[in-house]
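The values are calculated or read from the model by the stated rules, or taken from the named source; none is laboratory data. Every value quoted in this text rests on a predicted model; they were computed, and no experiment measured them. A quick note on method: Cβ atoms are made from the backbone with ideal geometry, for glycine too, and the neighbour counts reach across all protein chains shown. Accessible surface is based on the protein model in full, side chains and every heavy atom, while ligands, DNA and RNA are left aside. Shrake-Rupley method; radii C 1.70, N 1.55, O 1.52, S 1.80 Å.
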Amino acid sequence: MHIDLSGRTALVTGSTQGIGHAIAVGLARAGARVIVNGRSSTRVEQAVQELRAESGNDESVGATGDLATEEGTRAVLDAFPQVDILVNNLGIFGATPALEIDDTQWRRYFEVNVLSAVRLIRAYLPGMTEQGWGRILNLASDSAVAVPAEMIHYGMTKTSLLAVSRGFAKAAAGTGVTVNSVIAGPTHTGGVEDFVRQLVGDELPWDEAQHQFMVQHRPQSLLQRLIEPEEIANMVVYLSSPFASATTGGALRVDGGYVDAILP
């Protein structure tokens with residue numbers, strides 16, 4: 001299957017590292033002009049140069065702005081008022097005992113993980129429907145369905161994204177625009193490495209630490225390893241393509257079989 005996204009512009013939020021960066025690379029390799037987003041202009045520019053080198057696509061550009069705020073969102077929208085593909089990847093996570101999650105944390109997680117996506121969908125969907133083509137992908141998580149006891153505030157936001165995706169897919173019905181969520185399983189990123197160390201300690205070698213994490217905290221995984229970011233990116237690139245024209249309003253799983261269900 002040859003996916004050609006030449007002539008399409010894609011915004012990937014939170015794409016200076018991790019899963020977002022892998023998605024940006026995948027879309028750029030397929031020919032898209034990718035907009036890299038982050039809060040630091042220095043880091044964004046560095047990520048753009050890395051993306052160009054890894055993808056061989058020199059059309060990539062940067063958009064600095066904290067999308068968890070209205071001001072940061074406006075800065076990005078002013079710079080790039082129209083996109084063909086929107087990937088809402090921006091997100092934060094961390095372990096906190098359930099009864100210790102205070103109001104500030106609940107609000108912060110909702111602002112970053114949910115409202116940032118809603119703002120951008122609200123801004124970009126009209127232009128997509130007007131041109132009769134568009135792709136919106138929201139990065140959810142296995143935690144949306146199997147909420148971890150140690151981070152229910154994070155799980156709540158990812159469950160919300162499933163509803164956001166389904167609802168906006170209905171708003172885009174019959175327009176040629178598709179809206180989906182991607183349920184990512186436990187993935188190997190720098191942030192997850194820190195999270196693994198937080199739960200199992202710093203003493204073990206990485207391979208053993210990863211194994212202990214999967215056994216103790218993610219035993220449902222059928223893959224029995226952390227997913228590589230490129231494996232998430234493959235699904236996003238496909239859903240961004242014309243080949244996925246009949247897939248909308250869905251929650252597509254790249255979770256290594258973590259969620260013990262036939263359907264999400």
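Pairs under 7 Å by beta carbon, first residue of a type in the set (Asp, Glu) in the stretch 93-113, partner modelled with pLDDT of 95 or more, six or more apart or different chains?
Final answer for the pair search is Glu111/Ala68.
Any residue in the stretch 192-202 that is buried (at least 22 other Cβ atoms within 10 Å of the Cβ) and not aliphatic (A, V, I, L, M)?
Checked against the condition, which is being buried (at least 22 other Cβ atoms within 10 Å of the Cβ) and not aliphatic (A, V, I, L, M), the stretch 192-202 yields no hits at all.
Residues checked against (1) within 30 Å of Ala173 (Cα to Cα); (2) in contact with a His (Cβ under 7 Å, 6 or more places away or on another chain):
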{"residue": "Pro186", "(1), (2)": "no, no"}
{"residue": "Val192", "(1), (2)": "no, no"}
{"residue": "Leu204", "(1), (2)": "no, no"}
{"residue": "Arg218", "(1), (2)": "no, no"}
{"residue": "Glu228", "(1), (2)": "no, yes"}
{"residue": "Val237", "(1), (2)": "yes, no"}
{"residue": "Ser241", "(1), (2)": "yes, no"}
{"residue": "Ala244", "(1), (2)": "yes, no"}
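Among the residues of the stretch 213-229, is any open to solvent by 50 Å² or more (accessible area, probe 1.4 Å) and either within 22 Å of Asn138 (Cβ to Cβ) or modelled with pLDDT of 95 or more (or both)?
yes
Please state which one of Asn57, Asn89 is crowded, with 18+ Cβ neighbours inside 10 Å, closer than 28 Å to Thr248 by Cβ and in contact with a Ser or Thr (Cβ under 6 Å, 6 or more places away or on another chain).
When all the criteria are applied, what remains is Asn89.
Quick check: is even one residue across the stretch 164-177 at pLDDT below 90, crowded, with 18+ Cβ neighbours inside 10 Å and either of a type in the set (A, V, I, L, M) or assigned to a loop (DSSP other than H, G, I, E, B) (or both)?
So far as the stretch 164-177 goes, no, none of its residues is at pLDDT below 90, crowded, with 18+ Cβ neighbours inside 10 Å and either of a type in the set (A, V, I, L, M) or assigned to a loop (DSSP other than H, G, I, E, B) (or both).
Considering only residues that are part of a loop (DSSP other than H, G, I, E, B) and polar (S, T, N, Q), look in the stretch 220-250 and name the one that is farthest from Ser165 (Cα to Cα).
Gln224
Among the residues of the stretch 5-34 satisfying the criterion of being within 19 Å of Ala184 (Cα to Cα) and surrounded by fewer than 20 Cβ atoms within 10 Å (Cβ to Cβ), which is nearest to the chain's Cα centre (by Cα)?
Here the residue is Gly18.
Residues to consider are Gly185, Gly249; find the one that is in contact (Cβ under 8 Å) with a residue 24 or more places away in the chain and either under 16 Å from Arg135 (Cα atoms) or among the acidic types (Asp, Glu) (or both).
Step by step, each of Gly185, Gly249 is checked, and only Gly249 is in contact (Cβ under 8 Å) with a residue 24 or more places away in the chain and either under 16 Å from Arg135 (Cα atoms) or among the acidic types (Asp, Glu) (or both).
(1) of a type outside the set (S, T, N, Q); (2) farther than 15 Å from Leu239 by Cβ; (3) touching a Pro at 6+ places or on another chain (Cβ under 7 Å): which one isn't true of Ile183, the others all being true?
The one condition Ile183 does not meet is (2).
Pull up the stretch 143-160, narrow it to residues that are more than 15 Å from Ile183 (Cβ to Cβ) and not hydrophobic (A, V, I, L, M, F, W, C), then point me to the one that is surrounded by the most Cβ atoms within 10 Å (Cβ to Cβ).
The qualifying residue surrounded by the most Cβ atoms within 10 Å (Cβ to Cβ) is His153.
Given the residues Ala75, Ala63, which is the only one that is buried (at least 23 other Cβ atoms within 10 Å of the Cβ) and under 30 Å from Gly132 (Cβ atoms)?
Going through Ala75, Ala63 in turn, the sole match is Ala63.
Scan (1) open to solvent by less than 10 Å² (accessible area, probe 1.4 Å); (2) touching a residue at least 60 places away in the same chain (Cβ under 8 Å); (3) farther than 23 Å from Ile152 by Cα; (4) not aliphatic (A, V, I, L, M) for the single condition Asn37 breaks and write down its number.
Condition (2) is where Asn37 drops out.
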